[in-house]
Ligand SMILES: Cc1cc2nc3c(=O)[nH]c(=O)nc-3n(C[C@H](O)[C@H](O)[C@H](O)COP(=O)(O)OP(=O)(O)OC[C@H]3O[C@@H](n4cnc5c(N)ncnc54)[C@H](O)[C@@H]3O)c2cc1C
């Protein structure tokens, strides 16, 4: 029905604002102030010792020092410890029509877990961090949704199990949040993103209070369409993930290499050639740090060595000693063909760690090099790899014309890049925000996306119609309306037009 309305709207050439307002969700009358207090009392009764309304907690759980989008404190924070706790919260929220905002590691960057102006319950899943079962022979693991990816990998290592979970977003991210944002990271060039089949099964509490499992533990299933995927990238707007079965990959030895190029274009064409080469499957990560980033790294001095200033690729190669050697030789030849001035291959683990430090400290170096009291806005767009040089070139030109400096770090094998833009104070925000806006439109015009991995949250909502078209967004909205007819699950995020203006406030 909604889709039909939109088709008519587009057919009659309606303005984008009209299209977006036609995508709004149902107009829920959220809880009044009195009902909200009743809901909080019921939460205290149902979950003794797990409910907080201290102002400092409400503020800190509702905002992020990594995001400059409008934020709002929550009305109450509940620290869930089990799926049953989550069901209790959802049942009370539904009874009083109070929005719920799921909260995991709080590392997301687009205002994803901000409170809602009409009042909301923030449900903190981070204490649900147990690994429940490890099936080494099957190469999978069952955990609670608050488990952090780094803890999972260190537990596997400590137990001597030669397997790991390859999705690697920000430090501290949890499985529930990673499902929520549809994350990826440096390993995506080899292992794909959260949208590949790394989540075999999810336990989800739906807005109607029902607890579902999206699948069983089998590696493959053709039993109907993929309900697991519904929740990947849904940003907590369709349900709350409480447990997950993760597929694990074998740990493969890696070696690190670094190479300098005369331009981003040279570096990208070298990457394209190596990834399409038979040795391409041995590349676990290929990261681009632009010349400005190298200057920042050298200035910040957080790493062991001063590097030549140039657009630089950092690679992790994986495989047996002989296959890594063969791959390194192939890469060296290809890179030389594309103008590489230097190819450094870490002979020892210590050298490898030292080289990779540069990638690891890229963000911190940008902040340190920008000087005291500087903040940074981190962007995330993704384009077909061949369009990356154009995007980088135009963006650098635009930022310079705007009087902004920026460093660039890219998961270049996927065409995913982040401009890290330092600024001093609130007064600079409009300038930075306008530059980011132009960058996103540039990426979409190059057949790319407004977000390769960080997700939509509040910050990228306005681009979805341009990127996907109104009918695709209307389809997403229809799914949302069917699963969450009261629009209580993380409203005002993800869906354009959803501003959750309360009726009775
Ligand atoms: C320094 C830094 C580096 C980063 N690098 C990367 C990177 O390389 N790749 C990348 O993809 N991202 C990166 N990120 C972003 C971030 O780490 C990811 O978005 C991550 O997936 C968020 O996980 P989280 O647990 O912190 O989720 P949160 O921030 O807590 O939540 C994210 C979203 O998921 C929802 N949510 C949380 N828990 C649940 C649940 N149990 N059920 C349903 N919904 C839930 C929330 O409501 C919210 O909408 C980086 C961030 C930082 C700060």
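Nothing in this text is a laboratory measurement; each read-out follows from the coordinates by a stated rule. Owing to the predicted nature of the structure, the values given are computational and were not obtained by experimental measurement. Ideal geometry is used to build each Cβ from the backbone, glycine not excepted, and the neighbour counts take in all protein chains shown.
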query: If one computes P(r) from the Cα atoms of region 373-435, what percent of pairs lie at distances over 14 Å?
result: 55 percent
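Per DSSP H run of at least 4 residues, take -39500 (n - 2.57); add these up for the chain, divide by its residues and hand me the 222 nm value, nearest 500 deg cm²/dmol. All intermediate terms of the calculation are to be shown ahead of the outcome.
Numbers: 18 runs with 189 residues, N = 505.
Value at 222 nm, helices only, nearest 500: -11000 deg cm²/dmol.
Which of the peptides 314-320, 100-106 is most tightly packed, and how do the rest follow, going by the mean number of other Cβ atoms within 10 Å of each residue?
Packing proxy ranking, top to bottom: 100-106, 314-320.
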statement: The Cα extents of region 131-250 along the principal axes, largest first and rounded to whole Å, are 41, 28, 25
Highest to lowest packing among 299-306, 78-85, 222-229, 404-411, scored as the average C-beta count within 10 Å: 404-411, 78-85, 299-306, 222-229
message: Suppose each label sits 7 Å from its Cα in the direction of the beta carbon; what would the residue 386-residue 479 distance come out to in nanometres?
response: 2.9 nm
- line: Quick P(r) readout (the chain; Cα-Cα; 20 Å bins; whole %) gives 22, 54, 23, 1
field: Calculated on alpha-carbon atoms, Rg and Dmax of region 253-453 in Å
entry: 16.7, 55
statement: The extension gain from residue 302 to residue 364, computed as 0.36 nm times the residue separation minus the Cα-Cα distance, is 21.5 nm
- request: Please report how far the C-alpha centroid of region 257-326 lies from that of region 339-414, rounded to the nearest whole angstrom.
  value: 11 Å
task: Compute the acute angle (0 to 90°) between the alpha-carbon long axis of helix 149-158 and the principal axis of greatest extent of the alpha-carbon atoms of the chain; round to the nearest 10°.
output: 60 degrees
Kirkwood estimate for region 22-115, i.e. one over the average of 1/r between Cα atoms, Å: 14.2 Å
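How big is region 400-500 by the Kirkwood estimate over distinct Cα pairs, in Å?
15.4 Å
Let me have the relative contact order for the chain, percent, based on Cα pairs under 8 Å that are six or more residues apart.
For the chain, the relative contact order is 18 percent.
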field: Difference of contour (0.36 nm per residue) and Cα-Cα distance, residue 332 to residue 230
entry: 32.5 nm
query: So how far, in whole Å, is the C-alpha centre of region 55-101 from the one of region 465-488?
result: 23 Å
field: Sorted peptide list for 194-201, 205-212, criterion being average Cβ within 10 angstrom, highest first
entry: 194-201, 205-212
- prompt: To the nearest 10 degrees, how steeply does helix 2-11 sit against the main Cα axis of the chain, on a 0 to 90 scale?
  reply: 60 degrees
